[in-house]
Amino acid sequence: MLQNNSKSVKEWILKAQNDLKSADILYRENGPSDSICFHCQQAIEKILKAFLIFSKKKSPKVHDLIHLLNLCKKIDKSLEGLENEVSFLNRYYVETRYPSDVAIYSKNECQKALKVAQKATQFIVNKIS
């Protein structure tokens with residue numbers, strides 16, 4: 001399955017999938033919307049980092065999904081198709097992290113965040129596999 005840095009890549013994929021599972025459980029249980037969206041953002045951050053590691057590139061210690069995607073697109077141009085999804089999810093890192101900016105998202109927005117994160121994560125997992 002994985003050829004490059006397989007243990008580390010698998011660990012990053014697992015962490016991304018765990019974030020998706022957490023978001024899905026929270027969504028189904030009417031959990032806090034900021035937590036749902038944060039886990040969706042985290043899933044994409046981790047799967048992009050997995051892709052970089054798989055490609056034998058350094059995984060920077062940043063949380064900006066657009067920056068990470070731009071690094072990944074230099075390796076594989078087909079990832080350009082994820083720009084809208086990544087842009088949509090990027091804001092959830094900052095908006096959901098700090099109490100002074102308590103964010104409440106609609107059920108529809110949470111559902112969209114979850115679907116977008118699941119789709120993008122699977123697309124990248126397929127590239128790595």
Of the residues in region 39-58, how many are touching a residue at least 24 places away in the same chain (Cβ under 8 Å) and under 20 Å from N5 (Cβ atoms)? 13
Filter region 33-84 down to residues that are over 22 Å from L114 (Cα atoms) and among the charged types (D, E, K, R) and give me whichever is surrounded by the fewest Cβ atoms within 10 Å (Cβ to Cβ). K61
Consider region 20-38. How many of its residues are free of Cβ contacts under 8 Å to residues at least 60 places away in the same chain and assigned to a helix (DSSP H, G or I)? 6
Can you tell me how many residues in region 91-126 are in a helix (DSSP H, G or I) and modelled with pLDDT of 95 or more? 20
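The values are calculated or read from the model by the stated rules, or taken from the named source; none is laboratory data. Just so it is clear, the structure is predicted and the values come from calculations on it, not from any experiment. Every residue, glycine among them, receives a Cβ derived from its backbone with ideal geometry; neighbour counts consider all protein chains shown.
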